[in-house]
1. Scan segment 53-82 residue by residue and report those that are of a type in the set (S, T, N, Q) and at pLDDT 95 or above.
2. Only one of (1) in contact with a Lys or Arg (Cβ under 6 Å, 6 or more places away or on another chain); (2) exposed (fewer than 14 other Cβ atoms within 10 Å of the Cβ); (3) not polar (S, T, N, Q) is not met by Leu17, so which one is it?
Amino acid sequence: MKTAVIAIALLGFVAGLVVRLNMFIGILVLLLLLCVGYSIANHFGFLKAALTIVGVQVVAQGSYFVGLVVRSFVGNWRNWVLF
């Protein structure tokens, strides 16, 4: 589970560095669907499934914000943006 959190944090950070918000919303929807599938596959109850979804979203969005802050301090950020 720790590696999954690290992977989600890295995904959010890299997304903050190179993509705009409209692409990140698509990534968040994909993460939501993956969390719902994971919760169903592991027979989580409603509360545990909701906490899993919220936790994944918080980690992804927090690291996206950190990526945005780093991108703003680096300088010419318009060269980094892909979409």
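1. Within segment 53-82, Gln57, Gln61, Ser63 meet the criteria.
2. If we test Leu17 against (1) in contact with a Lys or Arg (Cβ under 6 Å, 6 or more places away or on another chain); (2) exposed (fewer than 14 other Cβ atoms within 10 Å of the Cβ); (3) not polar (S, T, N, Q), just (2) comes out false.
Matching residues to (1) of a type outside the set (Lys, Arg); (2) open to solvent by 40 Å² or more (accessible area, probe 1.4 Å); (3) out of contact with any helix residue (DSSP H, G or I) (no Cβ under 9 Å at 6 or more places or on another chain); (4) touching a residue at least 24 places away in the same chain (Cβ under 8 Å):
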site	(1), (2), (3), (4)
Leu33	yes, yes, yes, no
Tyr38	yes, yes, no, no
Leu47	yes, yes, yes, no
Thr52	yes, no, no, no
Val59	yes, yes, no, yes
Ser63	yes, no, no, yes
Gly67	yes, no, no, yes
Phe73	yes, yes, yes, no
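The values are calculated or read from the model by the stated rules, or taken from the named source; none is laboratory data. Given the structure is predicted, the values throughout are model-derived calculations rather than measurements. Note: ideal-geometry Cβ built from the backbone for every residue, glycine included; neighbour counts use all protein chains shown. Note: areas computed on protein heavy atoms with side chains; ligands, DNA, RNA excluded. Shrake-Rupley method; radii C 1.70, N 1.55, O 1.52, S 1.80 Å.
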